[in-house]
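In what follows, a structure is listed as structure tokens, so that the remarks can point back to it.
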Amino acid sequence: MTDAALEARITGDPSPVLAAREALQRAYQHDADAFQAGADVRDLVRSRARTVDRVLKLIWRRYPFADSGDIALVAVGGYGRGELHPHSDIDLLILTRNGIPEDWHEDLSGFVTLLWDLRLDIGHSVRSLAESKAAAREDVTILTNLLETRTISGSDELRTELGKAVYGDDISSDREYFIAKRDEQKRRHKKYGDTEYNLEPNVKGSPGGLRDIQTIGWITKRHFGLQSTADLTRFSILTEEEHQIMLQGETFLWRLRYGLQLIAERNENRLLFNYQRALAQMLGYEDEDDRLGVEIMMQAYYRTVLALAELTDLILQYYDEAILGTTAIEDIRPLNKRFQIRNHYIEAVNNQVFAYAPYAIMEIFLLMAQHPEIKGIRATTIRSLRAHRHLIDDAFRSDLAVTTLFMELVKTPHDLDQTLSYMKKYHVLGRYLPVFGEIIGQMQHDLFHIYTVDAHTLRVIRNMVQMNGPEARTEFPLASRLVHRLPKLEVLYIAGLFHDVAKGRGGDHSELGAIDAEAFCRTHHLSDRDTKLISWLVENHLLMSMTAQRKDTSDPDIIHAFARSVPSQVHLDYLYVMTVCDISATNPKLWNTWRASLLRQLYIEAKRALRQGNENPVDRMDWVRATQSEAREILHAQNMTDKQIDRVWETLDEDYFLQDSTVDIAWQTAAIIRHGDHQDPLVLMRDTRGGPTDGYTQIIIYMKDRMALFAATTAVLEQLNLNIVDARISTSDGPYSISSYVVLDEQDQPLGLDPERRERVRERLIEELDDPEDYPDIIERRTPRQLKHFMFPTEVTFSNDTFNQRTVLEVITPDRAGLLARIGQVFLEHRVRVATAKIATLGERVEDVFFVTDEQGEPLSDPGVCEALRHDLCKMLDDIQ
């Protein structure tokens, strides 16, 4: 239908609804077909607005008021910008000079009714100039709508006069408007979880979406009086490249929104699951070997909004300074030769810092980690950072200065997840770790995973960081306790960073991720021990959850098979914490009391199996060798020779090298070497900070092994009113043993608070233990102490360690003072020799494992001897009042 024919039908027909509806539907269908044929969505969005303009203008002219200079039909909001998607609201303002005369009321009502009969999604208001100004003054949303207006029909003079008013300070100052829109955006982002990575995002309202671009446009119009964000390039607020990023990002989101509304057949802006596949197909995203077309489309969406979020942040920060201004006296604090803090934002001292010192690209994030008072990066430095990101290449990634800075960042106690999020936001993390860059924005099209892979990964690290906080003690009691036992938190964080990094590549992502993690560790100069541990954690990060949830953990064979896959207690502790953090970051609904109890039970049973000697012998030896290698490096730095080191280590069994810290092993070995051939016992004492014994006193005793040494030592510690909370006894076929006791005083405090008492304890141990003939007397003279009432009877079980030809004796009993001394006394009475002991206190419950032999070093093979030993242990421990 020609324009003339359409005009004749609408203006001359008493009932123009049919003609207008046909014209609209014909134009809509033409645009929809053109969209699916690949037409430019920007042309189509404006074409739809022009189509509606034409129909509305013709209908308006049907009424007598159309010729008056005191009324106008004005498009506002998105329609005012000349933009309409298939089911966008058509926002109209019927603007009058001084109100509506009585004889216009019926005609205006008929006009609006006719628009509804056309089934247009109309949003309309009728206001005079004065009423419009008053409404804009009271409501920033109305003010915003009036910043974007077009006259469809009637007097353009009215719209012009209103425009002058809404851009003036009488209605809202530049400052007030900026603050209102900035705060509005913050509230909107919070509504969507402050993340671009919602699984069913809103292309209009989510962070990085169309509303963010529009917000920039509104503030721009209000501040400069500009009509387009393209004009920002004139003011050097945006570079041409940045404007193209914004334009291309908006175009991409327009395509998604246009197609989405065609499919949904309504004004829908949410990329719901039931639309995503159809939309991906409509937009030409095809399935690939290892990825669905819908996953490819969604990754493109997430990467687009991430880039837009970075850009809008930069512009908003510029406006923050330009509109709100800086403080009268700027607070500038130098950090080093390259960076300073200006009013709580970090900035480079000049825009060439990254050019002449590329490592500063990594350094800026380390400084943010080290200075929590920093709120963010200044806009000028963000732009400089963006301009120099191309310097992150293979040479940069292998630069020792850069890798050292990154490892320092990971080790620095702070909210690591937030720093990594900054690095991702500014496109540094994905460039520095290309394997991580591949998963940015990668989703998995199911309801099980509610976050993209990169967002999930950073949530895992956030959970790991928060395990040290007070809230975790309630929600994750075991994991929050275990995290303090982990020797190096950076090992946990790196494993978390790489655990899903190979998703979407095909093959086993755990195995491929382990390879990537190992390569990272080599590049970043981690020890062989830490490298093996991280690679093992990545490769086995699903082992614990799969075992707990898919297998019968009441079956001892299942427990033992799981335990044989775990090289040591250290591996188990790391794996448990990592598993908890992983599950709770996958989907909040996944972590519940049922899964918590399954994992906890598996951990407890596996721990018992490990303590009974069920480690995988191959993995076990790899771990021992890696531990020795790292400890040897530390000792070499102290000028200890291999001959001196080996002389000590040859006297110790493998279990000694399964302990948590290579630093402890090096400290103890160095002390033994310095002690030389002195016959007196070597007693080392120190208060610990960090690691599994944080806030305790550790006592190391190295001396010739004696039959009653364990019983005598525990008796002396009891007589000194010390509570033994952890112990590790290591012996071998040689003449020496090394014992580690972790103790507290009667007020549950470390001995370092009283240095004189600590020295008295050390001297007393040397004096009492130097002569084995005194041991029987020492053991007999126990100090009476008030004991806790116990709530369950003692359990004593026996099993065989066939590999080492020893008997495994496990004691489960309520915790109380003097416990180990009493057990040691029973062992002495039965002439039982303790080869190795692993002592653990879990709250009020003690689970101690002793590897014992008879006087000849043979396992306890006589059932009668075992039964008598069990009886006397239970009697000794249960009869205490």
*Residue by residue through the stretch 721-759, note down the ones that are free of Cβ contacts under 8 Å to residues at least 60 places away in the same chain, open to solvent by less than 30 Å² (accessible area, probe 1.4 Å) and assigned to a loop (DSSP other than H, G, I, E, B).*
LEU722, ASP745
*Can you pull out the residues in the stretch 407-424 that are more than 15 Å from ARG459 (Cβ to Cβ) and within 17 Å of the chain's Cα centre (by Cα)?*
LEU409, VAL410, LYS411, THR412, PRO413, HIS414, TYR422, MET423
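Each row is one residue, and each column tells you yes or no for (1) open to solvent by less than 40 Å² (accessible area, probe 1.4 Å); (2) modelled with pLDDT of 80 or more; (3) in contact with an Asp or Glu (Cβ under 8 Å, 6 or more places away or on another chain).
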| position | (1), (2), (3) |
| --- | --- |
| VAL826 | yes, yes, yes |
| ARG833 | no, yes, yes |
| ALA840 | yes, no, yes |
| GLU844 | no, no, yes |
| PHE850 | yes, yes, yes |
| THR853 | yes, yes, no |
| GLN856 | no, yes, no |
| GLY864 | no, yes, no |
| ASP879 | no, no, no |
*List every residue pair whose Cβ atoms sit under 6 Å apart, with the two residues 6 or more apart in sequence or on different chains, where the first one lies in the stretch 10-27 and is closer than 12 Å to ARG119 by Cβ and the second, anywhere, is among the acidic types (Asp, Glu) and modelled with pLDDT of 85 or more.*
VAL17/ASP117
_Filter result for the condition that a residue is closer than 30 Å to LYS57 by Cβ, in contact (Cβ under 8 Å) with a residue 12 or more places away in the chain, assigned to a helix (DSSP H, G or I) and in contact with a Ser or Thr (Cβ under 9 Å, 6 or more places away or on another chain), over THR151, THR220, THR160_ = THR220
*What single numbered condition from (1) out of contact with any strand residue (DSSP E or B) (no Cβ under 8 Å at 6 or more places or on another chain); (2) farther than 22 Å from GLU310 by Cα; (3) of a type outside the set (Asp, Glu) fails to hold for PRO372?*
(2)
*Read through the list (1) touching a residue at least 12 places away in the same chain (Cβ under 8 Å); (2) part of a helix (DSSP H, G or I); (3) among the β-branched types (Val, Ile, Thr), then give the number of the only condition that ILE558 fails.*
(1)
*Can you tell me which of THR229, THR220 is over 30 Å from TYR451 (Cβ atoms), buried (at least 17 other Cβ atoms within 10 Å of the Cβ), at pLDDT below 80 and more than 22 Å from the chain's Cα centre (by Cα)?*
THR229
*Some residue of the stretch 200-212 being acidic (Asp, Glu) and either open to solvent by 20 Å² or more (accessible area, probe 1.4 Å) or outside any helix (DSSP H, G or I) (or both)*: yes
_Enumeration of residues in the stretch 652-672 that are at pLDDT 85 or above, buried (at least 17 other Cβ atoms within 10 Å of the Cβ) and of a type in the set (A, V, I, L, M, F, W, C)_ = ILE665, ALA666, TRP667, ALA670, ILE672
*Kindly provide the set of residues from the stretch 232-261 that are modelled with pLDDT of 95 or more and among the aliphatic types (A, V, I, L, M), ordered by number.*
LEU253, LEU256, LEU260
*For the stretch 377-490, which fully contained helices (runs of 4 or more DSSP H) count at least 2 residues that are out of contact with any Ser or Thr (no Cβ under 9 Å at 6 or more places or on another chain), within 30 Å of ALA348 (Cα to Cα) and of a type outside the set (A, V, I, L, M, F, W, C)?*
379-387, 400-411, 416-425, 429-432, 434-437, 453-466
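The values are calculated or read from the model by the stated rules, or taken from the named source; none is laboratory data. Keep in mind it's a predicted model, so treat the numbers as computed, not measured. For neighbour counting, all protein chains shown are included, and Cβ atoms are generated from backbone atoms with ideal geometry for every residue, glycine included. We work out accessible area using only protein heavy atoms, side chains counted, and drop any ligands, DNA or RNA first. Shrake-Rupley method; radii C 1.70, N 1.55, O 1.52, S 1.80 Å.
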